[in-house]
1. Tell me which GluC sites (Glu not before Pro) from the range 1-92 have a DSSP coil assignment and no more than 15 other beta carbons within 10 Å of their own.
2. Test of understanding: what is the full-extension gain from ASN176 to THR14, defined as 0.36 nm times their sequence separation minus their Cα-Cα distance?
3. Report the gain in length on full extension from PHE57 to GLU85: 0.36 nm times residue separation, minus Cα-Cα distance, nm rounded to one decimal.
4. Looking at this model, which pairs from LYS3/LYS40; LYS3/LYS42; LYS107/LYS182; LYS107/LYS173; LYS189/LYS257 are more than 24 angstrom apart at the alpha-carbon?
5. By the gyration tensor of its Cα atoms, with a ≥ b ≥ c the square roots of the eigenvalues, what is the shape of the range 135-287: rounded for a/c under 1.5, prolate for a/b over b/c, or oblate?
6. Just to be sure I understand: of the beta bridges DSSP finds with both ends in the chain, what percent are antiparallel, rounded to 5?
7. Can you pull out the GluC sites (Glu not before Pro) in the range 197-278 whose DSSP state is coil and whose Cβ has at most 11 other Cβ atoms within 10 Å?
8. Compute the distance in nm between two label points, each set 7 Å from the Cα along the Cα-to-Cβ direction, one at VAL93 and one at SER195.
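Derivation of every value follows stated rules applied to the coordinates shown; laboratory data play no part. What you are looking at is a predicted structure, and each value in this text was computed from that prediction instead of being measured. Glycine also receives a Cβ, built like all others from the backbone with ideal geometry; neighbour counts cover every protein chain displayed.
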Amino acid sequence: MLKGRHLIEPGDFTIEELEEIFELADRIIANQSDYIDLCKGKLLASLFYEPSTRTRFSFESAMMRLGGRVIGFDNPDNSSVSKGESLSDTMRVISGYTDIIVIRHPKEGTARLAGRAVPDTPIINAGDGGHEHPTQTLTDLLTIRHELGGLGGHTIGVCGDLLFGRTIHSLVKTLNRYPNNKFVFISPKELKMPSYFLSMLPEGSYIETDSLDAVIGDVDLLYMSRVQRERFVNEEEYLRLKDVYVLDKKKMSHARKDMIVLHPLPRVNEIAVEVDEDPRALYFKQARYGMYVRMALISKLLGTA
Ligand code: NCD
């Protein structure tokens, strides 16, 4: 039963519960007009303490497409946070006004704290620092399920900022729960997967390399990511690392014909614009799946579907 639950990290839901969400998302994709009143009369709070385009707009459009409404802020300077109000006070007050709360915050663990402050209102973590981004994972999984025909048995290349990338942390942890997935982690040594993270993965389930060229022909899926500028302490280090990988037409010519390229977006330089026209480049389609999966998630947590 998903009604009333929080989603702080993908591990909060069982594989069966994730499947329930994907199945509803599939039904919504097939018959959108049947769902336009599903959340009528419900109110979603959208609290963004950190910049966002896709996540915020996809949540807001998801709620509106279900007939619900949205209030919130995308700049905490305009809220009482700027007067020094604590997060848990803000959450308690907002939970008195709304039915479900989406929160993005630069500090790891904030969504969990928010969930503790309001046990009776569903809280959705829309990204907490470099920690987790569960709804991006739902987006990625729905995309993979549609485009590769299932969530197990894949060789997944994950390229870029594996140290700070929260979308990557949530995605790898979750794909690791499905059978027979193998990972190829591609990063410069400064941005490797944290060792605590690697220790959670079964031995033999991954390899690490700093060469995209060496492995691009071996993967079924290439998940590209942006170097996370805002998490660097040292700007020079960022500038030195930001363009280490650029996926271009030449690199794509060495990839399999049925390989797919995903990216949570925003893209900076890591995928050349010339790749966009390649039928294997699915990142814009992926962003749209994000709205459908959030429609399914909101309805399940509100108990309207
Ligand atoms: C990601 C994020 O915010 O972590 N973006 C998103 O939600 N689609 C990825 C990123 O910012 O690099």
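1. Working: sites: GLU16, GLU17, GLU19, GLU20, GLU23, GLU60, GLU85; in loops: GLU85.
Loop-located and lightly packed - GLU85.
2. Values: separation 162, 0.36 × 162 = 58.32 nm, distance 1.29 nm.
So the chain would gain 57.0 nm between ASN176 and THR14.
3. Working: separation 28, 0.36 × 28 = 10.08 nm, distance 2.59 nm.
Gain on stretching PHE57 to GLU85: 7.5 nm.
4. Working: LYS3/LYS40 16 Å; LYS3/LYS42 14 Å; LYS107/LYS182 30 Å; LYS107/LYS173 20 Å; LYS189/LYS257 29 Å.
From the list (LYS3/LYS40; LYS3/LYS42; LYS107/LYS182; LYS107/LYS173; LYS189/LYS257), the Cα-Cα distance tops 24 Å for LYS107/LYS182; LYS189/LYS257.
5. Numbers: a/c = 1.44, a/b = 1.09, b/c = 1.32.
Rounded, because the longest to shortest axis ratio a/c is under 1.5.
6. Working: 1 of 34 bridges.
Here the share of antiparallel DSSP bridges comes out near 5 percent.
7. Working: sites: GLU203, GLU208, GLU230, GLU235, GLU236, GLU237, GLU270, GLU274, GLU277; in loops: GLU203, GLU270.
Within the range 197-278, the qualifying GluC sites (Glu not before Pro) (loop, at most 11 other Cβ atoms within 10 Å) are GLU203.
8. 4.5
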